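Heads up, the thing below is written out as structure tokens.
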Amino acid sequence: MRVAVEAGFVRAENLQLLTFVDGPEDLNEHVDYDWGSAVVKILDEWKPTGWKGFGFDWTKKQNGQMTPMQAI
């Protein structure tokens, strides 16, 4: 992840949003492992820790004009 930050693909303050899903230790079990359920479980358990969003101003369009969009 350090390389992704250094390359500009991930902002350092967003590293806390990344979560890795560990499968079974036995690689042979990965084929039949229910990755979807594992991801949903992790998402259900995830809690933000001081995250303030991606830093976008959703009230402005790319050209700087205001937009009526009410995104949360």
Pairs, first free of Cβ contacts under 8 Å to residues at least 60 places away in the same chain in region 19-44, second open to solvent by 90 Å² or more (accessible area, probe 1.4 Å) and charged (D, E, K, R), C-beta under 8 Å, six or more apart: Gly23/Glu29
Output for region 4-38, where each listed residue is aliphatic (A, V, I, L, M), open to solvent by 80 Å² or more (accessible area, probe 1.4 Å) and in a loop (DSSP other than H, G, I, E, B): Val31
Single condition Ala71 does not satisfy, out of (1) modelled with pLDDT under 75; (2) more than 23 Å from Arg11 (Cα to Cα); (3) loosely packed, with under 10 Cβ neighbours inside 10 Å; (4) not charged (D, E, K, R): (2)
Extreme residue, modelled with the lowest pLDDT, among residues of region 43-65 that are more than 19 Å from Arg11 (Cα to Cα) and open to solvent by less than 100 Å² (accessible area, probe 1.4 Å): Gly64
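The values are calculated or read from the model by the stated rules, or taken from the named source; none is laboratory data. Note that the coordinates shown come from a computational prediction; the quantities given were computed from them, not determined experimentally. When we count neighbours, we look across all protein chains shown, and the Cβ atoms used for this are built from the backbone with ideal geometry, even at glycine. Quick note on the areas: whole protein, heavy atoms, side chains included, nothing else; ligands and nucleic acids left out. Shrake-Rupley method; radii C 1.70, N 1.55, O 1.52, S 1.80 Å.
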